[in-house]
Amino acid sequence: MKLNSKVVLSASLVSLTALLSACGGGEVIVEPTPTTVVTVIAGTVTPWTAGQTSTIAPAQNMRPTTTVNGSGNFDLPLPDIATMTSAYSGDLTDGAAFSSGCGNAVAITPGLKIGVIVDMAVGNIKSTYYTYSSYQGGVLTYTGWWFANTDGTVTSTNANCGINAFIGKVTANLSLKAGWNIVNYTQTSSGSGLAYQVSTAAPDNNRRSWRPNPITNSSLSKLSRQANPWGFIN
């Protein structure tokens with residue numbers, strides 16, 4: 001006689017329940033997958049002269065420093081929430097600066113304070129470094145690390161924002177958690193100016209390549225911060 005598959009499954013579940021009860025277990029508890037917490041900027045400076053060593057630090061404020069080893073690798077620990085809101089509190093920007101710097105066209109959670117690391121300085125090298133993988137046809141993609149003092153959001157659609165002396169249109173879709181967050185940037189350059197797409201990504205501590213800013217020349221006085229649409233906040 002062929003048993004109905006539903007009857008077999010039901011009998012199996014009853015047997016499993018009885019076995020768990022006999023062993024003193026009334027429930028099967030499934031542990032949640034641990035959430036990754038962003039704690040470090042791990043990178044490789046490229047190009048790099050083998051055997052050379054140097055230092056690396058954020059190019060603007062919040063300047064924790066670490067060593068670049070002979071292979072060009074570095075691991076920059078990111079300050080925790082307590083340290084960021086105390087020792088580095090003066091480097092955090094109130095969210096209101098986003099709105100005022102973009103014609104009040106940015107919606108941001110009240111009370112949100114932000115710190116951003118997008119570019120790094122390596123030793124005495126003049127150029128700043130970014131995580132971009134390519135720069136072709138006026139399109140530049142790269143990653144930034146955003147600190148938030150609390151959970152919050154930052155959103156905008158084609159907001160005209162200041163970039164030092166430059167203006168660009170910024171479309172942002174950021175859902176930030178208290179602590180450090182990974183934020184992806186896409187910059188598009190055209191005859192009408194610069195446009196940016198900025199969005200949060202899944203947290204990770206992956207090692208990334210850091211390369212010299214591709215949109216600068218020998219004179220960095222005007223363009224060195226152009227890859228950060230909110231350069232005024234850090």
ask   = Among the candidates Asp91, Asp75, which residue alone is in contact (Cβ under 8 Å) with a residue 60 or more places away in the chain and either basic (Lys, Arg) or out of contact with any Pro (no Cβ under 6 Å at 6 or more places or on another chain) (or both)?
value = Asp91
task = Determine the pairs where a residue that is surrounded by fewer than 16 Cβ atoms within 10 Å (Cβ to Cβ), located within region 183-197, has a partner that is hydroxyl-bearing (Ser, Thr, Tyr) and modelled with pLDDT of 85 or more with Cβ atoms under 6 Å apart, the partner being 6 or more residues away or on another chain.
result = Asn184/Thr143; Asn184/Ser199; Thr186/Thr141
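May I ask you to say which residue of Thr39, Thr35, Thr17, Thr83 is over 15 Å from Gly123 (Cβ atoms), under 19 Å from the mean Cα position of the chain (by Cα) and modelled with pLDDT under 90?
Details: Thr39 fails: modelled with pLDDT under 90; Thr17 fails: under 19 Å from the mean Cα position of the chain (by Cα); Thr83 fails: modelled with pLDDT under 90.
None of the others qualify; the one that does is Thr35.
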inquiry  = Being assigned to a strand (DSSP E or B), under 19 Å from the mean Cα position of the chain (by Cα) and of a type in the set (Val, Ile, Thr) is the filter here; which residues of region 101-134 pass it?
reply    = Ile108, Ile114, Val116, Ile117, Thr128
request  = Answer yes or no as to whether Lys169 is more than 19 Å from the chain's Cα centre (by Cα), in a strand (DSSP E or B), farther than 15 Å from Gly95 by Cα and of a type in the set (D, E, K, R).
outcome  = yes
request  = Output the number of the condition that Ser134 fails; it satisfies all remaining conditions of (1) modelled with pLDDT of 85 or more; (2) surrounded by fewer than 13 Cβ atoms within 10 Å (Cβ to Cβ).
outcome  = (1)
remark   = Apart from one, (1) small (Gly, Ala, Ser); (2) modelled with pLDDT of 90 or more; (3) loosely packed, with under 14 Cβ neighbours inside 10 Å all hold for Gly179; the odd one out is (3)
inquiry  = Condition (residue is charged (D, E, K, R), at pLDDT below 95, over 19 Å from Arg207 (Cα atoms) and assigned to a loop (DSSP other than H, G, I, E, B)) applied to region 89-100: is it met by at least one residue?
reply    = no
note = So, first residue in contact (Cβ under 8 Å) with a residue 40 or more places away in the chain and over 17 Å from Thr67 (Cβ atoms) in region 115-131, second residue assigned to a strand (DSSP E or B) and basic (Lys, Arg), Cβ within less than 8 Å, six or more apart or across chains; the pairs are Tyr130/Arg211; Thr131/Arg208; Thr131/Arg211
inquiry  = Out of Met62, Met84, I need the residue that is in contact with an Asp or Glu (Cβ under 6 Å, 6 or more places away or on another chain) and surrounded by 18 or more Cβ atoms within 10 Å (Cβ to Cβ). Which one?
reply    = Met62
Condition check for Met84: of a type in the set (A, V, I, L, M) and on the phi > 0 side of the Ramachandran plot = no
task = Could you please tell me which pairs satisfy a Cβ distance under 7 Å, a separation of 6+ or placement on different chains, a first residue in region 47-63 that is closer than 20 Å to Thr85 by Cα, and a second residue that is loosely packed, with under 15 Cβ neighbours inside 10 Å and of a type in the set (Val, Ile, Thr)?
result = Ala57/Thr65
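The values are calculated or read from the model by the stated rules, or taken from the named source; none is laboratory data. Being a predicted model, the structure only gives us computed values, none of them experimental. Cβ coordinates were reconstructed from backbone atoms using ideal geometry, including for glycine residues, and neighbour counts include every protein chain displayed.
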